[in-house]
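In what follows, a single structure is set out as structure tokens and then discussed.
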Amino acid sequence: MPEASKGRHRVGLIVNPLAGIGGRVGLKGSDGTAIVERALALGAVPAAGARAAETLSHLRDLASVLDLGTYPAEMGAEIARETGFEPAVLGSLDGTGSGGRTTGEDTRRAALDLREWGAELIVFAGGDGTARDLTTSVAATVPVIGIPAGVKIHSGVFAVSPRHAADVIGEFLAGRARLEEREVLDIDEDLFRAGIVAPRLYGYLTVPCVRDLVQRAKSASRSDPSTARGVAFGVLGEMERDRDAYFILGPGSTVKAVGDELQVDKTLLGVDLYHDGRLIGTDLNESQLLAAIEGRHAKIVVTVIGGQGYIFGRGNQQLSPKVIQAVGRDNIMVIATLDKLHALGGPLRVDTGDPECDQLLAGYFRVITGERERAIWQVRS
């Protein structure tokens, strides 16, 4: 952890406790009371607090020069105290929504209060919806950095992982991070659940940027359909050599091309299960996947998020550490066009929420890039 410059620094913390709650249960987002209630009914466990705690645990060396400000209870105070900080607790949660759950209004009010308190930097744990709330309230008037904790993390305002968020904070406090205006993107979740990706620019936030520590905004795939078809034929060849396997097909247009060549109705944004010429499960969540592959030989087919390079941990949280470990590293098939790989300008990424699983996945993967083409690409956590 880099040392901060001399003097004390005020850093604000906002945790959206419901961010990402729809991920592992396959709901493709967490926006809206109905989705939150449905996710909880399906057994979802809030994870944003744990993501924030991971970041704070890596900031303990800066405790002597860091004054942490936050909001009450699960919006930051509880996590801060659990990780050894004594935060300044601002505001109240009197405006929470139905069922006593926090709302976007709480996030917007917290950001304004932290700016008034004098925060040099606001750190938030959430997803694109939380970033939108900060854009609405403080815009580019105070630097922010996101701890990735949502389902949709398309914006370029997030550290590549919670651990790296701590590194960004340290570099910022040491005066070694350049400030950039970064896009805040979000999508209509109802359209997204219907298989339509319609990103919209909502504004900009000022972000302390350090090379390889802050993710770029997601970019749309511009590959020639024939190129994606070549990748699909490469996958079909692998499937032919392992006909007994159950294939877990992740989301994305490149994997959808595989389904098209198999002549099955593969969902564009869901996780499906294929075996012996047919889909035996569509739009499955974590628990459904685990039940379906128990005691069976299974493989995962995943593609790369354009512009960001993630293969796990962004938009496919159903492929959780438990699912990955049940399948095994050697049974993961990464697919992408060469154009998409070269456009990254760096490694592939994983951010599963489990440091041990991320470490298991780190190293080098063979990537299927065509019918008879393969590339070796580095994966980092």
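Laboratory data are not the source of any read-out in this text; all were calculated from the coordinates shown. Everything quoted here is computed from the prediction, not taken from an experiment. Note that we place each Cβ from the backbone using ideal geometry, even for glycine, and neighbour counts take in every protein chain shown.
Key figures
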read-out	value
Taking all pairs of distinct alpha-carbon atoms in the range 311-381, Kirkwood radius in angstrom	12.6 Å
Relative contact order %, the chain, counting alpha carbon pairs below 8 Å whose residues are six or more apart	15 percent
Distant-in-sequence amide H partners of GLY203 (H built 1.01 Å from N, under 5 Å)	VAL184
Debye-sum result for the chain in log10 I(q)/I(0), which assumes one identical scatterer on each alpha carbon, at q = 0.06, 0.12, 0.15 Å⁻¹	-0.22, -0.87, -1.29
Nearest-20 debye value, the chain charge dipole, Cβ charges on Lys, Arg, Asp, Glu	640 debye
Hz values of 3J(HN,Hα) by residue in the range 173-183 - Karplus curve (6.51, -1.76, 1.60), Gly and Pro given as x	5, 7, x, 10, 10, 7, 9, 10, 7, 10, 6
Semi-axes of the equivalent ellipsoid for the range 250-381, Cα gyration tensor, largest first, Å	22, 19, 13
Chain lengthening between ILE376 and SER226 when straightened (0.36 nm per residue, less Cα-Cα)	51.8 nm
Calculated P(r) tail over 29 Å for the range 9-209, as whole % of Cα pairs	16 percent
Computed Kirkwood radius, in angstrom, where 1/r is averaged over Cα pairs of the range 274-335	12.4 Å
Added length on full extension, which subtracts the Cα-Cα distance from 0.36 nm per residue, THR282 to HIS297	3.6 nm
In degrees, nearest ten, helix 48-57 long axis to first principal axis of the chain (Cα)	60 degrees
Angle between the chain longest axis and helix 104-117 axis [Cα atoms, degrees, rounded to 10]	40 degrees
Relative packing of peptides 15-25, 231-241, 313-323 - highest average C-beta neighbours within 10 Å first	15-25, 313-323, 231-241
Among THR83, ILE153, THR103 - extreme Cα towards positive end, dipole of the range 30-157, charges at beta-carbon	ILE153
Label-point separation, ARG8 to LEU236 (7 Å along Cα→Cβ), nm	6.7 nm
The chain: angle of helix 225-241 to the longest principal axis, Cα-based, in degrees nearest 10	70 degrees
Measure of compaction for the range 87-190 (Cα Rg per 2.2 N^0.38 Å)	1.08
Around LEU249: net Lys/Arg minus Asp/Glu count, Cβ-Cβ under 13 Å	-2
Under 27 Å between alpha carbons - lysine pairs in the chain that sit 8 or more apart or on different chains	27
Helix-only CD estimate at 222 nm, as mean residue ellipticity for the chain, using -39500 (n - 2.57) per DSSP H run (n ≥ 4)	-9000 deg cm²/dmol
Computed lengthening from SER92 to ARG366, 0.36 nm per intervening residue step minus Cα-Cα distance	93.6 nm
